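The values are calculated or read from the model by the stated rules, or taken from the named source; none is laboratory data. Because the structure is predicted, anything quoted here is derived from the model rather than measured. In this analysis, Cβ positions are derived from the backbone assuming ideal geometry, glycine residues included, and neighbour counts consider all displayed protein chains. To get the accessible areas, we keep the full protein, side chains included, count just its heavy atoms, and leave off ligands, DNA and RNA. Shrake-Rupley method; radii C 1.70, N 1.55, O 1.52, S 1.80 Å.
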Amino acid sequence: MKLSVALQCELVGLPRSTWYYQVRGETAENLALMRAIDEQYLKTPFYGSRKLAWLLGYNRKRVQRLMRLMGIEAIYAKKRTTWPGAGHKIYPYLLRNVEIIRPNQVWSTDITYLPLRQGFLYLVAVIDWYSRHVLSWRLSNTLDLGFCLEALDEALAVQQPEIFNSDQGSQFTATAFTDRLATRDIAISMDGRGRALDNVFVERLWRSVKYEEVYLKDYADGWEAEAGLREYFYFYSHERIHQALGYRTPAEVYAERN
């Protein structure tokens with residue numbers, strides 16, 4: 001009897017999104033260029049395709065295609081791995097001038113491109129704004145809704161926020177996603193289009209993940225990425241001290257008020 005992918009993952013205790021045998025593929029040259037784009041974009045998120053193409057020495061149309069594949073849109077000031085779904089409700093941004101004073105006051109989520117030696121994946125995470133504690137994360141080889149719901153469900157199984165913030169991507173505006181928040185009376189907040197600082201704590205997390213883990217390790221495949229990120233996120237939340245937290249760890253700050 002041939003078992004479905006979903007059933008195989010269930011039997012070995014893995015989420016469906018960890019089926020990594022078919023990673024997203026490109027030529028070796030394009031993969032190298034995508035990594036270069038990703039590294040430069042972390043440094044200068046305000047650079048569009050024209051400046052990136054000139055800086056990296058490649059044809060602009062090629063850079064534009066790869067940026068779309070990575071989820072980076074030239075005319076916006078932030079990395080975009082998501083776009084609004086047709087007919088999906090867009091919620092207002094609720095956090096302008098709001099003082100964040102306690103854990104579980106605000107959670108946030110985002111998706112980023114993750115380079116591999118022979119392909120790439122997408123990474124989603126849920127983070128508590130006050131403590132910077134990473135509540136959950138998932139990897140996927142597609143920008144589907146499933147891995148975002150898995151990350152959200154894992155976080156909500158433990159606690160819930162007063163406000164949940166995301167960008168306006170189709171994954172986060174989907175009814176299946178927003179209903180999970182609305183049925184718990186969680187206020188839904190969404191970034192203004194092109195406003196990278198509306199989700200600043202997740203943007204900072206991505207910089208840390210990539211410079212302290214991903215670029216250093218150069219994962220061969222999704223299984224290495226899964227294992228490496230599992231170790232890193234534990235380190236990030238439970239061992240890595242943060243100056244902004246008074247040289248305490250995110251997990252320590254998150255736990256002290258819960």
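Details
- The calculated FRET efficiency for the pair residue 96 and residue 256, based on their C-beta separation and a Förster distance of 41 Å, comes to about 0.90.
- Protection-proxy order for peptides 156-165, 118-127, 240-249, each taking the mean of Cβ atoms within 10 Å per residue, highest first: 118-127, 156-165, 240-249
- For the range 153-258, size of Cβ-based charge dipole, Lys and Arg +1, Asp and Glu -1, in debye: 340 debye
- Cβ-placed point charges (K, R +1; D, E -1), dipole of the range 85-211 about Cα centre in debye, nearest 20: 360 debye
- Mean sequence separation of contacting Cα pairs (under 8 Å, at least six apart), scaled by the length of the range 144-258, corresponds to a relative contact order of 15 percent.
- Sulfur and carbon atoms: percent of accessible area, the range 87-222 [1.4 Å]: 48 percent
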